[in-house]
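Here is the structure we will look at, set down as structure tokens.
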Amino acid sequence: MATLTLKSEELKAFPPLVRDFATYKSVIMGNSPKTVCEYLLDLRTFFRYTEAKRLGIDPADPAFTEIRIDHIDLDYIASITAADIYEFLLYAAGGRKNGWAARSRKLSALKGFYRYLCAKKNLLENNPTANIDSPKKHAALPKFLTLEESKRLLTC
């Protein structure tokens, strides 16, 4: 699990636009250091995934965690499609065994990042996350007491 904040030298591994987004989330939006850190790590995983696809690296390969993303620029970010994001969410569910909450947070990080680039920085016109719905939480069925458990409860 991530620490509450990333050290300055760790932040250098992120593209400048991602670092700018983290500053915006922290300073302007007032998000907690833990939230900002988790968003950064989700974006790192996403960009590593897209790089792995482009380089022909299997995300299950240990080399995945060594993929550098500091070179990613606006053209690269603009080339991301909704299909890339759906593939990433599929990978998060299957390859990383992320539940709905983790996948939802990853998508939230991506949505926030692209909204920031489109609406706040006016650097992009197309937001590939705009029409992607968040993963739905599966409703758990209520758990009922057995007859014996009900009798024990009533005798207490």
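The values are calculated or read from the model by the stated rules, or taken from the named source; none is laboratory data. What you see is a predicted model, and the numbers here were worked out from it, not measured in a lab. Backbone-built Cβ (ideal geometry, glycine too); neighbour counts: all protein chains shown. Ligands, DNA and RNA are excluded from the accessible area calculation, which covers all protein heavy atoms including side chains. Shrake-Rupley method; radii C 1.70, N 1.55, O 1.52, S 1.80 Å.
Local charge sum around GLY112 (other residues, Cβ-Cβ under 13 Å, Lys/Arg +1, Asp/Glu -1)? So the surrounding residues net to +4. Treat each spin label as a single point 7 Å out from the Cα along the C-beta direction, and report the LEU147 to ARG54 distance in nm. Rounded to a tenth, the inter-label distance reads 6.5 nm.
What FRET efficiency would be calculated for the residue pair ARG96, TYR76, taking the C-beta separation as r and a Förster radius of 22 Å, to the nearest 0.05? Efficiency for this residue pair is about 0.50. Surface composition of the range 1-76: carbon plus sulfur atoms contribute 56% of the solvent-accessible area (1.4 Å probe, protein chains only, all chains present).
Taking the Cα centre of the range 20-114 as reference, the dipole from Cβ charges on Lys and Arg (+1) and Asp and Glu (-1) amounts to some 460 debye.
Taking only the alpha-carbon atoms of the range 90-130, what semi-axes of the equivalent ellipsoid follow from 5 times the gyration tensor eigenvalues under a square root, in whole Å, largest first? Provide the component values of the computation, followed by the final result.
Numbers: eigenvalues 127, 16, 7 Å².
Equivalent-ellipsoid dimensions as semi-axes: 25, 9, 6 Å.
A Förster radius of 22 Å, combined with the Cβ-Cβ distance separating SER104 from GLU66, puts the computed FRET efficiency at roughly 0.20. Taking the Cβ of ASP42 as the center, what net charge do the other residues with Cβ under 9 Å away carry, scoring Lys and Arg +1 and Asp and Glu -1? It works out to a net charge of +2. Largest GNM mean-square fluctuation among ILE28, ILE80, ILE67, using the chain with Cα springs under 10 Å: ILE28.
What the chain shows is 63 Å² of accessible area per residue, with the surface traced by a 1.4 Å probe over protein heavy atoms. Mind checking which aspartates and glutamates have their C-alpha under 19 Å from LYS25, skipping anything on the same chain fewer than 8 residues away? Excluding near neighbours in sequence, the set is GLU10, GLU38, ASP42. Would you mind checking the tilt of helix 100-115 against the longest principal axis of the Cα atoms of the chain, expressed as 0 to 90 degrees and rounded to 10? The helix 100-115 is inclined about 30 degrees to the chain.
Once you have the Cα-Cα distance between LYS12 and ASN126, take 0.36 nm times their residue separation minus that, and quote the gain in nm to one decimal. Please report the intermediate quantities before stating the final value.
On the way: separation 114, 0.36 × 114 = 41.04 nm, distance 2.68 nm.
Here the answer is 38.4 nm.
Dividing the Cα radius of gyration of the range 76-153 by 2.2 N^0.38 Å, with N the residue count, gives 1.69.
May I ask for the distance between the Cα centers of the range 116-156 and the range 20-54, given as a whole number of Å? Spelled out, the Cα-based centre of one part sits 22 Å from the other. Relative contact order of the range 15-133: 27 percent, from C-alpha pairs under 8 Å at least 6 residues apart in sequence. The Cα atoms of the chain cover 68, 38, 33 Å along the three principal axes, with the biggest extent listed first.
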